[in-house]
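I have placed the structure first, in the form of structure tokens, so that the comments after it can refer back to it.
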Amino acid sequence: MGWSQVMVGPIGARVAMWRGWRGLSAAALAEASGEEYSPIDAIENGDEWVDRRGMLAGWADVLRLDPVELTGQPYPPAGAEHAAVRAAAYQLRRMLAESGPVVEPIEMDHTITLADEIRLAEHRGDELRVAQDLPSVIASLDHLTAEAPGGAAAERLEGVRVDIHVAASGLLRRLGYRDLAWLLLHRAAPGRAEPVTVLAEEVRLLLDLGWPEYALARAARVPANGELSLLMASAHAMAGRVEFAHELLDACAMDAATPPCQAAVAGLRVTVAVETGEFERAALLYDDVEMDALDPADRVGLSVSASSAFARGGDMRRAVELLVGAHEQTPLRLALDPFARELLTVLPGRITDLAVAGKLRAIAVLAGVS
């Protein structure tokens, strides 16, 4: 397999490449990371796929890598929308480093309108709309908050500024620009107590970096709310502490007072079951999730986890339906998900129905996977 194929191919190809460069056998990598030998062998051969963050983090730790080196992020642009989002990331980097053209601020009412559109787009999982105005909106909010005389208007502007920095950091994290994501978070509310929204995004970033223990330490800075408790449950599952994850989820379920909160807890039960290798349980739990209560952005990761669970149980029809549905709603968010890309790479070869396999291959082409 050539270098270009490794860059857009499955995680297993990059594991094999880095393992060779480090001079480790598959058995040695398995022993050092605490995983079974056979899954590593099968994953490297393209017969299996990766759907567990703890497994990915364990390999990255042994190979002395950031997990993005194994997932291949940031991915080469696939299509005009992906290229436009990448361009926004480059513009943000140059703006923050003061190494590019000055981004002119825009007037306040227009800034607030654009910020509202960005936040709505984030809930929809519309990566392109999130990215389009980020540099100008961030520059404008920096200027406006610096010039604000104080009072309620200044507080409102500061809250909007924090929200937009968090939205930008989340987008950059999903793209794979972790350093820039950290920078935006650290300038979101300088000199002030860290807002919970910033803290939650820091925890997500630490989980993507493969550091569940650091994520838990970060979350412990403030009394846990619903969002932080769910992230802590993810961290415990990633670290292999299943009982702690279930305890937190049970507590969250008792506190969940609205349909979106209840759906979020039910959805995370599915993700935790996949993370801990309980694929049959994950498939059963998925049918208890009220998907319509979740934002489209939140459905993507859940759909990918459930798709993997159904595929491992042999229900390829359900597995494909979930991926196709996620693509129809949030195509770029799906294309940026490393575990979705794994499924798009491996599953077509396992499906006997040529028309169904063709649907996945078409999505894989649009995602730049094949």
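Here the 3J(HN,Hα) profile of region 213-221, calculated from phi with Karplus coefficients 6.51, -1.76 and 1.60 at θ = phi - 60°, is 5, 5, 4, 5, 5, 5, 5, 6, 5 Hz, Gly and Pro shown as x. For the chain, the longest principal axis of the alpha carbon atoms and the long axis of helix 354-367 meet at an angle near 40°. Applying both filters, DSSP loop and at most 14 other Cβ atoms within 10 Å, to the GluC sites (Glu not before Pro) of region 261-370 gives GLU290. Overall, the anisotropy analysis places region 143-292 in the prolate class: the square-rooted eigenvalues a ≥ b ≥ c of its C-alpha gyration tensor yield a/c not less than 1.5, with a/b exceeding b/c. Test of the criteria: in region 103-173, which GluC sites (Glu not before Pro) are in a DSSP loop and have at most 12 other Cβ atoms within 10 angstrom of their Cβ? Here the GluC sites (Glu not before Pro) that fit, given the DSSP loop and packing criteria, are GLU107. Highest GNM mean-square fluctuation among ALA42, ALA219, ALA139, for the chain modelled with Cα contacts below 10 Å: ALA42.
Only helical runs count toward this figure. For the chain, summing -39,500 (n - 2.57) over DSSP H runs of n ≥ 4 and dividing by all residues gives -22500 deg cm²/dmol at 222 nm.
Taking one quarter of the surface of the C-alpha convex hull of region 144-186 gives a mean projected area of 2.9 nm². According to the calculation over all Cα-Cα pairs in region 228-342, the P(r) per 10 Å bin from zero is 15, 47, 33, 4 %. Accessible area per residue for the chain in Å², computed with a 1.4 Å probe and the full protein assembly in place, what is it? Accessible surface, normalised per residue, equals 44 Å².
Taken one residue at a time, the phi angles of region 269-279 give Karplus couplings (6.51, -1.76, 1.60, θ = phi - 60°) of 4, 5, 4, 5, 4, 5, 4, 9, x, 9, 6 Hz. Gly and Pro are set to x. Once Rh for region 109-188 is found with the Kirkwood sum over Cα pairs, what is the Stokes-Einstein diffusion coefficient at 20 °C and 1.002 mPa s, in µm²/s? Once the numbers are plugged in, D ends up at 169 µm²/s.
Relative to the longest principal axis of the chain, what angle (0 to 90°, nearest 10) does the C-alpha long axis of helix 296-312 take? It is inclined by approximately 10 degrees.
The values are calculated or read from the model by the stated rules, or taken from the named source; none is laboratory data. The structure displayed is predicted, hence computed values, not measured ones. Cβ: placed from backbone, ideal geometry, glycine included. Neighbour counts: every protein chain shown. With ligands, DNA and RNA removed, areas are computed over all heavy atoms of the protein, side chains included. Shrake-Rupley method; radii C 1.70, N 1.55, O 1.52, S 1.80 Å.
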